[in-house]
């Protein structure tokens, strides 16, 4: 009986060994892990335990490292207006382009006083009453600056500052035209708006007079008449058509 039992166990052991070998072959074909048959143990538990615990390192497949995804750098996009887009621009000039404001007046000596050529000042003020620019200043050159205070209105506004442009010697009676180019004392374009044109004349021990007129300088043609006053007559301010 013992011999029969031993033969049965050997036969079962061989079947299990062949089954393990077939399984190992299949696993190796797909790159998996193969169980290596162990030497025959005394019983089934020992055989199976050994098969689970031992792995043939030559059959372990190592997966290739996955490629690292490369992210393209972000780029900023600038939106450019289409060709049809336009940028609104506004001309800063108060006067029409290329057209100065001509200020015309006549000085006719009358009345008492020393018959000397008068001091004359022509200037422009803004709507706040501030001096924008002295257009012309006529006075006796040399020592004559001490009597510039006789041009009381201009002297108060300007502080007696003699401009570098537009000054000259006093002139005899007659009709004259001086021009404002639409800039301020620094040469910058004066903004559009309302301005006051002033003309002042003072003669030694003689008549003193001022006259003024409002002009709206918004880049369009200008033509206004200033009121007469004493020895100042025929006053007007206009741009060239």
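The values are calculated or read from the model by the stated rules, or taken from the named source; none is laboratory data. Source: prediction; values computed, not measured. Note that we place each Cβ from the backbone using ideal geometry, even for glycine, and neighbour counts take in every protein chain shown.
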request  = Take the residues in region 130-151 that are in contact with a helix residue (DSSP H, G or I) (Cβ under 8 Å, 6 or more places away or on another chain) and touching a residue at least 40 places away in the same chain (Cβ under 8 Å), then tell me which one is farthest from residue 116 (Cα to Cα).
outcome  = 131
query = Just wondering, is there one or more residues in region 214-224 that are over 30 Å from the mean Cα position of the chain (by Cα), assigned to a loop (DSSP other than H, G, I, E, B) and buried (at least 16 other Cβ atoms within 10 Å of the Cβ)?
reply = yes
inquiry  = Against the definition (assigned by TED's automatic domain parsing to the domain that holds residue 194 and assigned to a loop (DSSP other than H, G, I, E, B)), how does residue 145 come out, yes or no?
reply    = no
remark   = Exactly one of 206, 213, 187 is in the same structural domain as residue 115 (by TED's automatic domain parsing) and over 22 Å from residue 99 (Cα atoms), and that one is 206
Yes/no for residue 237 being within 22 Å of residue 112 (Cβ to Cβ), modelled with pLDDT of 95 or more and part of a strand (DSSP E or B) = no
message = For the structure I just gave you, tell me whether residue 167 is surrounded by fewer than 16 Cβ atoms within 10 Å (Cβ to Cβ) and modelled with pLDDT of 95 or more.
response = no
query = Taking region 171-213 only, how many residues are free of Cβ contacts under 8 Å to residues at least 24 places away in the same chain, closer than 18 Å to residue 158 by Cβ and assigned to a strand (DSSP E or B)?
reply = 1
Region 81-110, residues that are modelled with pLDDT of 80 or more and part of a loop (DSSP other than H, G, I, E, B) = 94, 95, 96, 97, 99, 100, 108, 109, 110
inquiry  = Here's a check for you: in region 196-213, which residue that is crowded, with 17+ Cβ neighbours inside 10 Å and within 43 Å of the chain's Cα centre (by Cα) is farthest from residue 117 (Cα to Cα)?
reply    = 213
inquiry  = Suppose we keep only residues that are surrounded by 16 or more Cβ atoms within 10 Å (Cβ to Cβ) and more than 32 Å from the chain's Cα centre (by Cα) within region 177-195. Which one would you say is farthest from residue 146 (Cα to Cα)?
reply    = 179
